[in-house]
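Okay, so here's the structure we're looking at.
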Ligand SMILES: Cc1cc2nc3c(=O)[nH]c(=O)nc-3n(C[C@H](O)[C@H](O)[C@H](O)COP(=O)(O)OP(=O)(O)OC[C@H]3O[C@@H](n4cnc5c(N)ncnc54)[C@H](O)[C@@H]3O)c2cc1C
(Lines give C-alpha, C1' and ligand atoms only; values in the text may rest on other atoms or scores of the structure.)
Protein backbone atom coordinates (compact mmCIF):
# COMPACT_ATOMS: atom_id res chain seq x y z
CA UNK A 1 0.00 0.00 0.00
CA UNK A 2 1.17 3.59 -0.57
CA UNK A 3 0.58 6.67 1.59
CA UNK A 4 -2.20 9.11 0.80
CA UNK A 5 -1.07 12.25 -1.01
CA UNK A 6 0.38 14.92 1.29
CA UNK A 7 2.34 18.14 1.05
CA UNK A 8 5.63 18.62 2.87
CA UNK A 9 6.98 21.62 4.81
CA UNK A 10 10.27 22.04 6.65
CA UNK A 11 9.99 25.14 8.83
CA UNK A 12 13.13 26.65 10.37
CA UNK A 13 11.53 28.02 13.54
CA UNK A 14 9.26 26.76 16.29
CA UNK A 15 6.82 29.63 15.66
CA UNK A 16 6.54 28.74 11.96
CA UNK A 17 5.85 25.09 12.80
CA UNK A 18 3.14 26.07 15.30
CA UNK A 19 1.55 28.32 12.65
CA UNK A 20 1.51 25.50 10.12
CA UNK A 21 -0.11 23.17 12.67
CA UNK A 22 -2.70 25.79 13.59
CA UNK A 23 -3.61 26.50 9.96
CA UNK A 24 -4.15 22.87 9.04
CA UNK A 25 -5.82 20.37 11.36
CA UNK A 26 -4.92 17.58 8.90
CA UNK A 27 -1.17 18.17 9.28
CA UNK A 28 1.20 15.93 11.21
CA UNK A 29 4.70 16.45 12.59
CA UNK A 30 7.44 14.18 11.28
CA UNK A 31 10.86 13.77 12.90
CA UNK A 32 12.85 10.59 12.18
CA UNK A 33 9.95 8.96 10.32
CA UNK A 34 10.79 5.57 11.83
CA UNK A 35 7.32 5.02 13.25
CA UNK A 36 5.33 7.45 11.12
CA UNK A 37 6.79 6.09 7.84
CA UNK A 38 5.31 2.60 8.26
CA UNK A 39 2.04 4.10 9.53
CA UNK A 40 1.78 6.24 6.38
CA UNK A 41 2.48 3.26 4.15
CA UNK A 42 -0.20 1.22 5.93
CA UNK A 43 -2.53 4.25 5.83
CA UNK A 44 -2.90 4.08 9.61
CA UNK A 45 -2.01 7.78 9.41
CA UNK A 46 -3.47 9.87 6.59
CA UNK A 47 -2.21 13.45 7.01
CA UNK A 48 -2.62 15.96 4.18
CA UNK A 49 0.61 17.69 5.20
CA UNK A 50 3.83 16.61 6.90
CA UNK A 51 5.67 19.20 8.95
CA UNK A 52 9.29 18.13 9.25
CA UNK A 53 10.71 19.70 12.43
CA UNK A 54 14.28 18.45 12.07
CA UNK A 55 15.53 21.75 10.57
CA UNK A 56 14.63 23.76 13.69
CA UNK A 57 18.04 24.30 15.30
CA UNK A 58 17.00 24.14 18.98
CA UNK A 59 15.31 20.79 18.44
CA UNK A 60 18.59 19.10 17.53
CA UNK A 61 20.67 20.69 20.32
CA UNK A 62 20.93 20.40 24.07
CA UNK A 63 21.27 23.17 26.62
CA UNK A 64 22.53 23.02 30.17
CA UNK A 65 20.75 24.51 33.15
CA UNK A 66 22.38 24.55 36.60
CA UNK A 67 20.52 21.43 37.74
CA UNK A 68 19.28 19.89 34.48
CA UNK A 69 19.92 19.29 30.81
CA UNK A 70 17.30 20.10 28.20
CA UNK A 71 17.54 17.82 25.17
CA UNK A 72 16.01 18.90 21.86
CA UNK A 73 13.14 16.66 20.78
CA UNK A 74 14.84 15.77 17.48
CA UNK A 75 18.04 14.41 19.00
CA UNK A 76 18.48 10.90 17.67
CA UNK A 77 18.88 7.73 19.71
CA UNK A 78 22.30 7.32 18.02
CA UNK A 79 23.51 10.69 19.35
CA UNK A 80 22.83 9.48 22.90
CA UNK A 81 24.33 6.08 22.16
CA UNK A 82 27.51 7.63 20.77
CA UNK A 83 27.93 9.92 23.79
CA UNK A 84 27.73 13.06 21.63
CA UNK A 85 25.82 14.81 24.43
CA UNK A 86 26.36 15.16 28.16
CA UNK A 87 24.40 12.48 30.00
CA UNK A 88 22.27 13.89 32.83
CA UNK A 89 21.96 10.38 34.26
CA UNK A 90 25.63 9.43 34.39
CA UNK A 91 25.65 7.14 31.34
CA UNK A 92 22.15 5.66 31.79
CA UNK A 93 20.72 7.54 28.79
CA UNK A 94 23.54 6.23 26.65
CA UNK A 95 22.96 2.63 27.66
CA UNK A 96 19.18 2.87 27.13
CA UNK A 97 19.65 4.42 23.67
CA UNK A 98 22.02 1.65 22.60
CA UNK A 99 19.32 -0.95 23.30
CA UNK A 100 16.63 0.63 21.11
CA UNK A 101 15.82 -1.26 17.92
CA UNK A 102 18.71 -1.51 15.41
CA UNK A 103 21.42 0.99 14.53
CA UNK A 104 19.65 2.00 11.31
CA UNK A 105 16.54 2.95 13.32
CA UNK A 106 18.65 4.67 15.97
CA UNK A 107 20.37 6.81 13.32
CA UNK A 108 17.06 8.44 12.37
CA UNK A 109 14.66 7.87 15.27
CA UNK A 110 14.39 10.70 17.80
CA UNK A 111 13.76 10.89 21.52
CA UNK A 112 10.80 13.24 21.00
CA UNK A 113 9.29 11.11 18.24
CA UNK A 114 9.48 8.09 20.49
CA UNK A 115 7.70 9.87 23.37
CA UNK A 116 4.93 11.29 21.19
CA UNK A 117 4.43 8.02 19.32
CA UNK A 118 3.76 6.58 22.82
CA UNK A 119 4.20 2.91 22.13
CA UNK A 120 3.76 1.32 25.58
CA UNK A 121 6.86 -0.83 24.88
CA UNK A 122 9.11 2.10 23.93
CA UNK A 123 12.34 2.35 25.91
CA UNK A 124 12.36 6.12 26.45
CA UNK A 125 8.79 6.26 27.75
CA UNK A 126 9.54 3.90 30.64
CA UNK A 127 13.08 5.02 31.47
CA UNK A 128 12.43 8.76 31.27
CA UNK A 129 9.31 8.37 33.39
CA UNK A 130 11.54 6.73 36.00
CA UNK A 131 13.93 9.69 35.74
CA UNK A 132 11.04 12.11 36.32
CA UNK A 133 11.59 13.89 32.99
CA UNK A 134 9.71 17.07 32.14
CA UNK A 135 8.52 17.94 28.64
CA UNK A 136 8.69 21.32 26.94
CA UNK A 137 5.83 21.81 24.54
CA UNK A 138 5.47 24.58 21.95
CA UNK A 139 2.01 26.13 21.85
CA UNK A 140 0.39 29.14 20.17
CA UNK A 141 0.97 31.12 23.38
CA UNK A 142 4.59 30.13 23.87
CA UNK A 143 6.02 27.18 25.78
CA UNK A 144 4.37 25.06 28.42
CA UNK A 145 5.99 22.46 30.64
CA UNK A 146 4.49 19.20 31.74
CA UNK A 147 5.61 16.05 33.54
CA UNK A 148 6.25 13.03 31.34
CA UNK A 149 4.36 10.93 33.92
CA UNK A 150 0.77 11.33 32.77
CA UNK A 151 1.69 12.55 29.26
CA UNK A 152 0.77 9.20 27.73
CA UNK A 153 -3.00 8.98 28.07
CA UNK A 154 -3.61 5.76 26.13
CA UNK A 155 -1.43 3.40 24.10
CA UNK A 156 -0.28 5.61 21.18
CA UNK A 157 -2.07 8.64 22.65
CA UNK A 158 -0.57 11.68 24.39
CA UNK A 159 -1.77 14.92 25.97
CA UNK A 160 -0.93 17.30 23.11
CA UNK A 161 -3.42 19.72 21.54
CA UNK A 162 -3.71 20.16 17.77
CA UNK A 163 -1.39 23.16 17.46
CA UNK A 164 1.18 21.85 19.93
CA UNK A 165 4.36 19.86 19.50
CA UNK A 166 7.23 18.66 21.63
CA UNK A 167 10.38 20.77 21.53
CA UNK A 168 12.46 19.48 24.43
CA UNK A 169 12.90 17.02 27.26
CA UNK A 170 14.30 18.31 30.55
CA UNK A 171 16.15 15.81 32.68
CA UNK A 172 17.59 16.77 36.05
CA UNK A 173 21.26 16.09 36.68
CA UNK A 174 21.57 13.07 38.91
CA UNK A 175 24.19 12.89 41.66
CA UNK A 176 27.25 10.68 41.53
CA UNK A 177 25.54 8.44 44.10
CA UNK A 178 22.60 7.72 41.80
CA UNK A 179 22.00 4.13 40.71
CA UNK A 180 20.01 3.11 37.64
CA UNK A 181 18.51 -0.24 36.69
CA UNK A 182 16.75 -1.21 33.48
CA UNK A 183 15.71 -4.59 32.18
CA UNK A 184 13.49 -5.61 29.28
CA UNK A 185 12.42 -8.95 27.90
CA UNK A 186 12.53 -9.10 24.08
CA UNK A 187 12.13 -12.14 21.87
CA UNK A 188 15.25 -11.07 19.99
CA UNK A 189 17.63 -8.11 20.04
CA UNK A 190 16.05 -5.06 18.42
CA UNK A 191 12.46 -6.18 18.95
CA UNK A 192 10.01 -4.21 21.06
CA UNK A 193 9.92 -5.50 24.64
CA UNK A 194 7.22 -7.73 26.07
CA UNK A 195 7.92 -6.60 29.62
CA UNK A 196 10.22 -3.96 31.06
CA UNK A 197 11.10 -2.16 34.26
CA UNK A 198 13.29 0.80 35.19
CA UNK A 199 14.47 1.67 38.70
CA UNK A 200 16.19 4.88 39.80
CA UNK A 201 17.63 5.53 43.25
CA UNK A 202 19.37 8.78 44.09
CA UNK A 203 19.87 9.26 47.84
CA UNK A 204 21.06 12.87 47.41
CA UNK A 205 18.01 13.90 45.37
CA UNK A 206 15.76 11.66 47.53
CA UNK A 207 14.50 9.79 44.49
CA UNK A 208 13.57 6.14 44.75
CA UNK A 209 11.29 5.20 41.89
CA UNK A 210 10.37 2.17 39.83
CA UNK A 211 8.39 2.12 36.59
CA UNK A 212 6.84 -0.80 34.74
CA UNK A 213 6.56 -0.40 30.95
CA UNK A 214 5.27 -2.44 28.01
CA UNK A 215 1.99 -2.75 29.90
CA UNK A 216 -1.41 -2.83 28.19
CA UNK A 217 -1.61 0.90 28.88
CA UNK A 218 0.61 3.77 30.15
CA UNK A 219 3.74 3.17 32.24
CA UNK A 220 2.96 2.29 35.83
CA UNK A 221 4.90 3.98 38.61
CA UNK A 222 5.68 1.63 41.49
CA UNK A 223 5.33 3.98 44.45
CA UNK A 224 8.05 3.84 47.07
CA UNK A 225 10.51 1.12 46.15
CA UNK A 226 12.30 1.44 49.50
CA UNK A 227 10.04 -1.43 50.54
CA UNK A 228 12.01 -3.66 48.19
CA UNK A 229 15.45 -2.64 49.33
CA UNK A 230 17.26 -5.23 51.44
CA UNK A 231 17.66 -4.58 55.16
CA UNK A 232 21.19 -6.01 55.00
CA UNK A 233 23.82 -6.67 52.33
CA UNK A 234 23.88 -10.43 53.01
CA UNK A 235 22.84 -12.36 49.92
CA UNK A 236 19.84 -13.96 51.67
CA UNK A 237 18.48 -10.50 52.51
CA UNK A 238 19.02 -9.32 48.93
CA UNK A 239 17.28 -12.37 47.45
CA UNK A 240 14.39 -11.98 49.89
CA UNK A 241 13.97 -8.30 48.94
CA UNK A 242 14.08 -9.12 45.22
CA UNK A 243 11.46 -11.81 45.69
CA UNK A 244 9.20 -9.31 47.46
CA UNK A 245 9.64 -6.91 44.53
CA UNK A 246 8.97 -9.63 41.98
CA UNK A 247 5.80 -10.78 43.74
CA UNK A 248 4.54 -7.24 44.27
CA UNK A 249 4.84 -6.27 40.59
CA UNK A 250 3.51 -9.60 39.28
CA UNK A 251 0.52 -9.07 41.59
CA UNK A 252 -0.21 -5.63 40.13
CA UNK A 253 -1.64 -7.41 37.06
CA UNK A 254 -0.59 -4.74 34.59
CA UNK A 255 -1.56 -7.11 31.79
CA UNK A 256 -4.47 -9.45 31.13
CA UNK A 257 -1.89 -12.14 30.38
CA UNK A 258 -0.62 -13.95 33.52
CA UNK A 259 2.64 -14.90 31.79
CA UNK A 260 3.34 -11.26 31.01
CA UNK A 261 2.59 -10.33 34.61
CA UNK A 262 5.20 -12.84 35.74
CA UNK A 263 7.64 -11.37 33.20
CA UNK A 264 7.03 -7.85 34.52
CA UNK A 265 7.75 -9.13 38.04
CA UNK A 266 11.01 -10.65 36.83
CA UNK A 267 11.98 -7.54 34.85
CA UNK A 268 11.43 -5.44 37.98
CA UNK A 269 13.52 -7.79 40.15
CA UNK A 270 16.35 -7.71 37.58
CA UNK A 271 16.27 -3.91 37.38
CA UNK A 272 16.24 -3.76 41.18
CA UNK A 273 19.24 -6.05 41.38
CA UNK A 274 21.19 -3.61 39.17
CA UNK A 275 20.68 -0.76 41.63
CA UNK A 276 21.72 -2.99 44.53
CA UNK A 277 25.05 -3.98 42.95
C1 LIG B 1 12.07 -1.93 13.17
C2 LIG B 1 11.84 -0.98 14.32
C3 LIG B 1 12.13 -1.41 15.59
C4 LIG B 1 11.94 -0.53 16.67
N5 LIG B 1 12.24 -0.98 17.93
C6 LIG B 1 12.13 -0.13 18.96
C7 LIG B 1 12.49 -0.53 20.27
O8 LIG B 1 12.97 -1.63 20.52
N9 LIG B 1 12.33 0.36 21.29
C10 LIG B 1 11.83 1.62 21.07
O11 LIG B 1 11.71 2.39 22.01
N12 LIG B 1 11.49 2.04 19.84
C13 LIG B 1 11.63 1.19 18.78
N14 LIG B 1 11.27 1.63 17.53
C15 LIG B 1 10.70 2.98 17.35
C16 LIG B 1 11.80 4.02 17.14
O17 LIG B 1 12.44 4.26 18.38
C18 LIG B 1 11.30 5.36 16.57
O19 LIG B 1 12.41 6.13 16.32
C20 LIG B 1 10.43 6.19 17.45
O21 LIG B 1 9.36 5.47 17.97
C22 LIG B 1 9.82 7.36 16.66
O23 LIG B 1 10.74 8.36 16.50
P24 LIG B 1 10.82 9.17 15.13
O25 LIG B 1 11.69 10.33 15.36
O26 LIG B 1 11.17 8.27 14.01
O27 LIG B 1 9.31 9.69 14.99
P28 LIG B 1 8.35 9.76 13.72
O29 LIG B 1 8.20 8.41 13.14
O30 LIG B 1 8.79 10.84 12.81
O31 LIG B 1 7.01 10.22 14.44
C32 LIG B 1 6.33 9.35 15.31
C33 LIG B 1 5.09 10.04 15.85
O34 LIG B 1 5.49 11.12 16.70
C35 LIG B 1 5.04 12.38 16.18
N36 LIG B 1 6.14 13.30 16.44
C37 LIG B 1 7.45 13.11 16.14
N38 LIG B 1 8.19 14.11 16.66
C39 LIG B 1 7.34 14.95 17.29
C40 LIG B 1 7.50 16.15 18.02
N41 LIG B 1 8.68 16.71 18.24
N42 LIG B 1 6.37 16.74 18.53
C43 LIG B 1 5.16 16.20 18.34
N44 LIG B 1 4.95 15.06 17.64
C45 LIG B 1 6.03 14.44 17.14
C46 LIG B 1 4.69 12.14 14.73
O47 LIG B 1 3.66 13.01 14.29
C48 LIG B 1 4.23 10.70 14.78
O49 LIG B 1 2.90 10.63 15.21
C50 LIG B 1 11.44 0.78 16.44
C51 LIG B 1 11.15 1.21 15.14
C52 LIG B 1 11.35 0.35 14.09
C53 LIG B 1 11.05 0.83 12.70
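The values are calculated or read from the model by the stated rules, or taken from the named source; none is laboratory data. What you see is a predicted model, and the numbers here were worked out from it, not measured in a lab. Cβ sites come from the backbone with ideal geometry, for glycine too, and all protein chains shown count toward neighbours.
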One residue from 270, 253, 244 being over 23 Å from residue 131 (Cβ atoms) and part of a helix (DSSP H, G or I): 244
Selected residue (only one of 87, 67 is modelled with pLDDT of 95 or more, surrounded by 15 or more Cβ atoms within 10 Å (Cβ to Cβ) and assigned by TED's automatic domain parsing to the domain that holds residue 130): 87
Some residue of region 50-60 being within 9 Å of the ligand (Cβ to nearest atom), more than 17 Å from residue 124 (Cα to Cα), in a loop (DSSP other than H, G, I, E, B) and touching a strand residue (DSSP E or B) at 6+ places or on another chain (Cβ under 7 Å): yes
Subset tally (residues that are part of a loop (DSSP other than H, G, I, E, B) and more than 26 Å from residue 67 (Cβ to Cβ)) for region 181-205: 9
Residues of region 63-82 satisfying the condition of being more than 10 Å from the ligand (Cβ to nearest atom) and in a strand (DSSP E or B): 63, 64, 65, 68, 69, 70, 71
Residue in region 3-14 that is touching a strand residue (DSSP E or B) at 6+ places or on another chain (Cβ under 9 Å) and within 11 Å of the ligand (Cβ to nearest atom) present: yes
